[in-house]
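Colleague: Right, I'll just put the structure down here and ask away after.
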Amino acid sequence: MIGCFSLARETFDIEFARKKLLKTKRSLTKLNKKIIFFDDLITNDKIGENAIKYFKNIKCKKFIVIQSTFTDAKFISLFVKKFKKPILFISFKEKRSGGRLRLNSLCGVNLGLHALIKSKFYSNFIIYTNDEQSFSKEILKFIKTKKSFTKKNYLKKINSKLVNKKIIKFKKPKLGLIGERPEGFDTCDFNNEELKSKFNANVTKIKLENLFNISSKVGKKEISVTKKNISTNLKNTNQVNQKELNKSISLFHGLEKIQQDQNIDAFAVRCWPEMFTEYGCASCGPMAMMNENKISSACEADVLGSLTCNILNQLNNKPALLVDIVDVDEQDNTTVFWHCGLAPISMAEKNTPSATVHSNRRKPLLHNFAFKPGNITIFRVSKSENKLKFIVMNGKVLKRKNSFSGTSGVISLGKNTHNKIKNLFLSGLEHHVGFTYGNVLEDIKSLGKQLKIPTYTI
């Protein structure tokens with residue numbers, strides 16, 4: 001028997017997810033009558049408990065996990081500990097329509113794979129497309145093979161002996177952690193002692209309530225001046241809820257004041273749900289403004305992500321951005337980098353940025369634009385497989401329309417972009433990766449050698 005269940009989060013387009021799920025189930029049933037489905041979408045802990053009870057009574061040799069939308073890794077980590085059977089993830093493509101990222105399924109797989117690889121559990125994934133023949137072939141291959149997935153080397157280690165001996169001036173960064181990482185986001189873990197010993201970095205913990213308190217005291221005049229200033233580069237600021245926009249601007253000044261008072265070099269911010277549910281606005285726009293000032297602000301309290309961007313800031317003296325990898329198109333040989341709306345305006349072509357609301361939470365302020373074309377350096381301070389490493393590569397932002405609401409770019413990684421993304425995911429790469437415009441790849445290699453951190457590419 002092959003067990004099959006589906007993961008989803010209700011903040012995404014659940015009805016659309018159900019339609020995709022139904023089609024996938026039909027395809028799977030045609031292939032093998034011994035696939036046993038747990039019918040409910042697993043959207044919360046209670047349904048997850050029911051799924052575990054259900055499969056306890058069925059002797060499944062393997063499991064197929066349909067990643068219907070983005071989810072954290074809490075349930076899949078628990079499930080694998082309980083059953084210890086081979087699994088194959090299925091994710092969905094999404095139309096690059098310029099509208100809402102309805103599922104963010106691929107990023108959910110990315111996060112889940114990282115968590116499992118961290119626990120030394122290896123799996124695989126496929127992306128469901130309209131190519132039924134290719135899909136069927138991959139599913140049948142998984143069903144028929146008797147072997148479990150094993151560890152493979154998907155990355156290429158850079159020989160430090162061949163790296164430039166250039167000495168990199170690296171300022172010890174002071175990182176501000178505001179709040180705690182969301183539950184199930186193993187990708188955002190960090191080791192404080194390791195940061196101190198390897199990077200001479202310090203992490204200052206700041207309560208989320210402190211940010212709210214400081215931000216709430218920002219004066220109306222200060223907010224008004226900033227609103228006027230941002231409106232010169234940002235269209236449609238008058239078309240979003242003004243009370244919520246003012247709150248969002250006050251968050252920017254709150255971050256600014258904390259940064260100035262405590263000499264913070266980069267932030268890792270718990271950006272949801274409390275920003276929306278307690279303070280009443282989105283933090284994306286404020287964090288974008290901090291990114292513009294080269295005080296990088298990482299979502300979801302991702303400390304290593306904030307360090308990643310700080311390193312790019314130091315090496316390049318240009319804004320850096322932390323993004324999700326949300327789509328891959330094999331025929332187009334591209335991938336999509338996206339995040340809700342926290343890209344600095346300098347990453348957009350002139351006169352294109354506009355103000356918008358969060359696609360799931362419907363509150364401002366978010367930036368909305370496609371990244372300008374140009375060569376980029378892609379980088380991550382990674383803890384994949386629980387080992388500290390640098391992962392680095394060059395890429396190119398293509399001149400394309402905005403793929404999804406918020407800030408995004410269509411990226412080429414050269415030949416076989418599809419395979420390169422797959423290899424990155426199967427290597428345990430976190431669900432956030434940083435990039436900056438320009439080429440600082442050799443400097444990153446030199447810094448890795450200098451800090452005695454192994455450096456990898458694809």
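Taken together, the values in this text are just the output of simple stated rules run on the coordinates, not laboratory data. Owing to the predicted nature of the structure, the values given are computational and were not obtained by experimental measurement. Glycine also receives a Cβ, built like all others from the backbone with ideal geometry; neighbour counts cover every protein chain displayed.
Colleague: When DSSP assigns beta bridges and you keep just the ones with both residues in the chain, what percent turn out antiparallel, to the nearest 5?
Modeller: Within the chain, antiparallel bridges account for around 50 percent of the total.
Colleague: Once the other residues with Cβ under 13 Å from the Cβ of Gln314 are scored (Lys, Arg +1; Asp, Glu -1), what is the net sum?
Modeller: On the way: positive: Lys169, Lys171, Lys172, Lys174, Lys294, Lys318; negative: Asp265, Asp443.
Its environment carries a net charge of +4.
Colleague: Compute the FRET efficiency between Glu10 and Lys169 as 1/(1 + (r/R0)^6), taking r as their Cβ-Cβ distance and R0 = 60 Å, and round to the nearest 0.05.
Modeller: 0.80
Colleague: Please give the net charge around Asn241, taking every other residue with its beta carbon less than 11 angstrom from that of Asn241, where Lys and Arg add +1 and Asp and Glu add -1.
Modeller: Combined, the nearby Lys, Arg, Asp and Glu give +3.
Colleague: Related question: Work out from phi, with θ = phi - 60° and the Karplus expression 6.51 cos²θ - 1.76 cosθ + 1.60, the ³J(HN,Hα) of each residue of the stretch 365-380, listed in order in whole Hz, and give x for Gly and Pro.
Modeller: Values per residue, Gly and Pro as x: 10, 10, 7, 9, 5, 8, 4, 5, x, x, 7, 9, 10, 10, 8, 8 Hz.
Colleague: Taking the highest mean first, how do the peptides 332-340, 174-182 order by number of other beta carbon atoms within 10 angstrom per residue?
Modeller: Ranking, from highest mean packing down: 332-340, 174-182.
Colleague: Going by average Cβ density within 10 Å per residue, which order do the peptides 41-53, 59-71 take, highest to lowest?
Modeller: Packing order, densest peptide first, comes out as 59-71, 41-53.
Colleague: How far apart, in nm, are two points set 7 Å out from the Cα along the Cα-to-Cβ line at Lys95 and at Lys81?
Modeller: Each label point is offset 7 Å from its Cα along the Cβ direction, giving 4.1 nm.
Colleague: Among the listed pairs Lys74/Lys415; Lys220/Lys363; Lys25/Lys59; Lys46/Lys118; Lys220/Lys257, which have their C-alpha atoms separated by more than 23 angstrom in this model?
Modeller: In this structure, Lys74/Lys415; Lys46/Lys118 exceed 23 Å between Cα atoms.
Colleague: Another one. Between Glu132 and Asn153, what FRET efficiency follows from the Cβ-Cβ distance if R0 is 35 Å, with the result rounded to 0.05? Show your work: numbers first, answer last.
Modeller: On the way: r = 32 Å, r/R0 = 0.91.
Computed FRET efficiency for Glu132 and Asn153 comes out at 0.65.
Colleague: Amide H neighbours of Asn236 under 5 Å, at least 5 residues apart or on other chains, H built in the peptide plane: list them.
Modeller: Ala355
Colleague: Using alpha-carbon pairs under 8 Å, 6+ residues apart, how would you state the relative contact order of the stretch 226-321 in percent? All intermediate terms of the calculation are to be shown ahead of the outcome.
Modeller: Numbers: 114 pairs, mean separation 24.9, N = 96.
Worked out over the stretch 226-321, it gives 26 percent.
Colleague: Computed from these coordinates, which is P(r) over Cα pairs in 10 Å bins from 0, in percent: (i) 4, 21, 31, 26, 14, 4, 0; (ii) 4, 19, 28, 26, 16, 7, 1, 0; (iii) 4, 16, 22, 20, 16, 11, 7, 4, 2, 0?
Modeller: Here the calculated entry is (i).
Colleague: Now for a separate question. Tell me, what is the percent relative contact order of the chain, built from C-alpha pairs under 8 Å that lie six or more residues apart?
Modeller: 17 percent
Colleague: State the Cα centre-to-centre distance between the stretch 181-229 and the stretch 285-315 in whole Å.
Modeller: The distance from the Cα centre of the stretch 181-229 to that of the stretch 285-315 comes to 10 Å.
Colleague: Now a separate question. In degrees from 0 to 90, rounded to the nearest 10, what is the angle of the helix 303-316 Cα long axis to the longest principal axis of the chain?
Modeller: So the inclination is approximately 50 degrees.
Colleague: Report ³J(HN,Hα) in whole Hz for each residue of the stretch 100-111, in order, from the Karplus equation J = 6.51 cos²θ - 1.76 cosθ + 1.60 where θ = phi - 60°; Gly and Pro get x.
Modeller: Karplus values, whole Hz, x for Gly and Pro: 4, 6, 6, 10, 6, 5, 4, 5, x, 4, 3, 5.
Colleague: Now for a separate question. Please go through the residue pairs Lys171/Lys235; Lys169/Lys235; Lys420/Lys449; Lys81/Lys387; Lys19/Lys420; Lys318/Lys387 and name each one whose alpha carbons sit more than 32 Å apart in this structure.
Modeller: Lys171/Lys235; Lys169/Lys235, as the Cα separations exceed 32 Å there.
Colleague: What's the extension gain from Ser231 to Asn439 if we count 0.36 nm per residue and subtract their Cα-Cα distance?
Modeller: 71.7 nm
Colleague: Moving on to the next point. Amide H neighbours of Lys372 under 5 Å, counting only residues 5+ apart in sequence or on other chains, H built in-plane at 1.01 Å?
Modeller: Close amide H contacts, sequence-distant or interchain: Ala348, Glu349.
Colleague: Express in whole angstrom the spacing between the alpha-carbon centres of the stretch 436-458 and the stretch 374-433.
Modeller: Taking the Cα centre of each part, the stretch 436-458 and the stretch 374-433 sit 15 Å apart.
Colleague: Same structure, new question: Helix 14-31 sits at what angle to the longest principal axis of the chain, using alpha carbons and giving 0 to 90 degrees rounded to 10?
Modeller: Taking the Cα atoms of the chain, the angle to 14-31 is about 30 degrees.
Colleague: Compute the relative contact order of the stretch 2-144 as a whole-number percentage, counting only Cα pairs closer than 8 Å that sit 6 or more residues apart in sequence.
Modeller: This gives 28 percent for the stretch 2-144.
Colleague: Sorted by packing (mean other beta-carbon atoms within 10 Å per residue), highest first, where do 23-32, 6-15, 111-120 land? Could you put the intermediate results ahead of the total?
Modeller: Numbers: 23-32: 15.1, 6-15: 19.5, 111-120: 21.8.
So the peptides 23-32, 6-15, 111-120, ranked by packing, come out 111-120, 6-15, 23-32.
Colleague: Can you list the residues, at least 5 places off or on another chain, whose amide H is less than 5 Å from the amide H of Phe267, using H built in the peptide plane?
Modeller: Placed amide hydrogens put Gly176, Ser296, Ser297, Ala298 under 5 Å from Phe267.
Colleague: For the stretch 321-336, take each phi angle, set θ = phi - 60°, evaluate the Karplus expression 6.51 cos²θ - 1.76 cosθ + 1.60, and give the result in whole Hz per residue in order, putting x for glycine and proline.
Modeller: Those phi angles translate into 9, 9, 10, 9, 9, 10, 7, 9, 10, 5, 5, 7, 6, 9, 10, 10 Hz.
Colleague: Between Asn238 and Lys61, how high is the FRET efficiency from 1/(1 + (r/R0)^6) when r is the Cβ-Cβ distance and R₀ = 60 Å? Nearest 0.05.
Modeller: 0.50
Colleague: Kindly express, to the nearest 10 degrees and within the range 0 to 90, the angle between helix 132-144's C-alpha long axis and the longest C-alpha principal axis of the chain.
Modeller: 70 degrees
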